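First the structure, in the form of structure tokens, and then the observations on it.
The values are calculated or read from the model by the stated rules, or taken from the named source; none is laboratory data. All figures in this text were calculated on a predicted structure; none of them were measured in a lab. Heads up, the Cβs are rebuilt from the backbone with ideal geometry, glycines too, and the neighbour counts pull from every protein chain shown.
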Amino acid sequence: MWKPYNDVDTAMDKWMRAIAASQKHLDKPNHVMVKYEDLVEDTQNQLVKLCNFMDVEFEENMLSTYGETASNVSLQREHWKKDVSRKIEKASSTKFERLFDESQREYILEKVTPMNLKSKEINN
């Protein structure tokens, strides 16, 4: 279930290290962190802001052709990117409850809650 990780602790530790590493660079002008939830809730606006940040012209078709583009730039050996071409959508709100019992959910939330998931506002 936790491929390529052996267990949920390994997956959480890797996720927390990745978030901490990214947050170290939030004050740099060439770094931005976008929450997936923000991308799902306001896809076009977030994409416009990202394009502006990267000095790339936003094109309306980016909202529909990203899957094809993502597939073309993902390498076969990058197994973690296998779903990158899937539609950006809100995850099932009950998935967490389905996968874990109450004690497991409490354990996971206790571990990840200290992570301050701050993000830098992308300027228009």
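Take Glu57 and decide whether it is exposed (fewer than 10 other Cβ atoms within 10 Å of the Cβ), touching a helix residue (DSSP H, G or I) at 6+ places or on another chain (Cβ under 9 Å) and not hydrophobic (A, V, I, L, M, F, W, C). Considered against the rule, which asks whether it is exposed (fewer than 10 other Cβ atoms within 10 Å of the Cβ), touching a helix residue (DSSP H, G or I) at 6+ places or on another chain (Cβ under 9 Å) and not hydrophobic (A, V, I, L, M, F, W, C), Glu57 comes out as yes. Filtered by the rule that a residue be assigned to a helix (DSSP H, G or I), closer than 18 Å to Met115 by Cβ and touching a helix residue (DSSP H, G or I) at 6+ places or on another chain (Cβ under 9 Å), the stretch 20-47 gives a lone residue, Asp38. In the stretch 72-102, the qualifying residues are those that are in a helix (DSSP H, G or I) and surrounded by 12 or more Cβ atoms within 10 Å (Cβ to Cβ), and the one that is modelled with the lowest pLDDT is Lys81. A single member of Leu63, Leu50 is of a type in the set (A, V, I, L, M, F, W, C), in a helix (DSSP H, G or I) and in contact (Cβ under 8 Å) with a residue 40 or more places away in the chain, and it is Leu50.
Has the stretch 107-115 got at least one residue that is over 25 Å from Ala20 (Cα atoms) and either part of a helix (DSSP H, G or I) or modelled with pLDDT of 80 or more (or both)? There is no residue in the stretch 107-115 that is over 25 Å from Ala20 (Cα atoms) and either part of a helix (DSSP H, G or I) or modelled with pLDDT of 80 or more (or both).
Every listed requirement among (1) without any contact (Cβ under 8 Å) to a residue 24 or more places away in the chain; (2) not in a loop (DSSP other than H, G, I, E, B) is met by Phe58 save one, (2).
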